1. After finding the eigenvalues of the alpha carbon gyration tensor for the chain, what semi-axes result from the square roots of 5 times each, listed largest first in whole Å?
2. Students often check this: by mean Cβ neighbours within 10 Å, which of 123-136, 85-98 ranks highest, and how do the rest follow?
3. Relative contact order for the chain: what is it in percent, counting Cα pairs under 8 Å that are at least 6 residues apart?
4. Sort 62-71, 113-122 by the packing proxy (mean of other Cβ within 10 Å over each peptide's residues), most packed first.
5. Evaluate 2.2 N^0.38 Å with N set to the residue count of the stretch 66-121, then give the Cα radius of gyration divided by it.
6. Out of Val136, Ser48, Ala126, whose Cα points farthest toward the positive end of the dipole of the chain (charges: +1 Lys, Arg; -1 Asp, Glu; placed on Cβ)?
7. Once Lys and Arg get +1 and Asp and Glu get -1 on their Cβ, which of Gly111, Leu27, Val17 lies farthest toward the positive end of the dipole of the chain?
8. With charges only on Cβ, +1 for K and R and -1 for D and E, what is the dipole size of the chain about its Cα centre, in debye, rounded to 20?
Amino acid sequence: MGYKYSKGKGSFIRKSVLKDIRELLRLLDPKAPLLKKNDFLKILSSNSTKYYTVTDTSSRKVVAMMTLVFFRAPTGLKARIEDIVVQPSHRRKGIGEKLIRMAIHESGRKGAVSLDLTSSPYRREANKLYQNLGFVKRGTNVYRYELAKV
């Protein structure tokens, strides 16, 4: 079994790819709204977002994904990993590690001063991986204000 790592670009999305990505998003948040094709195309065309997928070469199914977001603040260019997930049947094969190493490389190449991510405490294996790759738990609280859905 082999894997193909891709950085998303373009305006053509196979229905099967969008279906696979929706399945992966459900692993992250079963209550997440259904990702619409036009919204996904906006992600792919954004200059501040890099979207990565991993495809199983035998089944042609997308088995992992990661979003890398860049934004400029007064303290410099920042990078953030969002929505990184690997299908359970493909975990512990180095896919997540490779995706994160790709994010570290791309963030450094673009000149980001930091690369952040968040992870739920119950994801012990993932948190251990992040720490092994050099991420340090920050002494800060993370807050969210839920905006009304339009």
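1. On the way: eigenvalues 108, 76, 58 Å².
Here the semi-axes work out to 23, 19, 17 Å.
2. Peptide ranking by packing, descending: 85-98, 123-136.
3. Worked out over the chain, it gives 19 percent.
4. Ranked by mean Cβ neighbours within 10 Å, highest first: 62-71, 113-122.
5. 1.23
6. Farthest along the dipole direction, towards plus: Ser48.
7. Going by the Cα projections, it comes out as Val17.
8. 260
Computed from the coordinates by the stated procedures, all read-outs in this text should not be read as laboratory data. Keep in mind the model is a prediction, meaning the values are calculated, not measured. With ideal geometry, Cβ positions are generated from the backbone for all residues, glycine too; neighbour counts draw on all protein chains shown.
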